[in-house]
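Heads up, the thing below is written out as structure tokens.
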Amino acid sequence: MRSFRRNLSAFTIAICALAVGVRTVSSADCNRNGFDDAADLLPQSLGFGAPTYPVDGRPLLLIAADLDGDGSSDFVTLNEGFPPVVGDVSVLINKGNGTFQQAAKYPVGQSPVDLIATDINDDGRPDLAAANRGSNDVSVLLNRGDGTFTSCTFQPVGQSPVQLIAVDFQGDGRIDLATVGDICPSCCPPTAGAVSVLLGRGNGTFGIHCPLKTPGLGRLRLTGWSKDRLSDLRI
């Protein structure tokens, strides 16, 4: 999975060859010719002559992953929407020649801020998970295997999540999720970037969320393994 974040009220994805010099946002081999192509989030009026594909309102993040298992990279945008309307993701499936099907839209939660593609239910297919700052939860969309997704389920996490990562914390071969929250001094009680860990069951669901107190807002980073050979987190 490759991703790039851009805070832009954009409404199209432009696909172009790296050689044209357009600033890369997400790169992947879209037409299976052995060379990386570039995808950018652009205002609808701009495309620089590259093919463009409409997505939903206010996209924040673009990721590339092979969602239908055909060996070609597909694209997903995370769209903030226009509050109080919930956000959504736009899924564009690659036809195998570097062109894409019309975007399919899947609702997520309120004010989504981060998106990952990872195999949550251990079927070998990348699923989607989005951290929703406005609704204090994570939306999980399971891949049906053909690049379409089930309706999302919601996993509560700590207040105002701003980052989401996926890793096997328990060493059981199942994907777990972790979020870190924003600092909120005006909240009652005030919050300071609490970390929440969701332990995966390997079937697309998660156990109880484990809140962890932290000294302040930071970025989640994996620190490799400690002596127990399990992945650790660092803020």
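A few remarks follow.
- Only residues that are open to solvent by 10 Å² or more (accessible area, probe 1.4 Å) and not in a loop (DSSP other than H, G, I, E, B) were counted in segment 125-142, giving 1.
- Yes/no for Ile63 being on the phi < 0 side of the Ramachandran plot and buried (at least 24 other Cβ atoms within 10 Å of the Cβ): yes
- The set of residues in segment 45-57 that are under 21 Å from Ser151 (Cα atoms) and either open to solvent by 10 Å² or more (accessible area, probe 1.4 Å) or modelled with pLDDT of 90 or more (or both) comprises Val55, Asp56.
- The listed residue being open to solvent by less than 50 Å² (accessible area, probe 1.4 Å), in contact (Cβ under 8 Å) with a residue 12 or more places away in the chain and in contact with a Cys (Cβ under 7 Å, 6 or more places away or on another chain), out of Val91, Val113, Val108: Val108
- Residues of segment 64-107 satisfying the condition of being out of contact with any strand residue (DSSP E or B) (no Cβ under 8 Å at 6 or more places or on another chain), modelled with pLDDT of 90 or more and within 16 Å of Asn33 (Cα to Cα): Gly71, Lys95
- All positions within segment 160-174 that are in a loop (DSSP other than H, G, I, E, B), in contact with an Asp or Glu (Cβ under 9 Å, 6 or more places away or on another chain) and surrounded by fewer than 20 Cβ atoms within 10 Å (Cβ to Cβ): Asp168, Gln170, Gly171, Gly173, Arg174
The values are calculated or read from the model by the stated rules, or taken from the named source; none is laboratory data. Quick caveat, the model's predicted, so the values are computed rather than measured. Here Cβ is always computed from backbone atoms with ideal geometry, including for glycine, and neighbour counts include all displayed protein chains. Remember, those area values only see protein heavy atoms, side chains included, never the ligands or the DNA or RNA. Shrake-Rupley method; radii C 1.70, N 1.55, O 1.52, S 1.80 Å.
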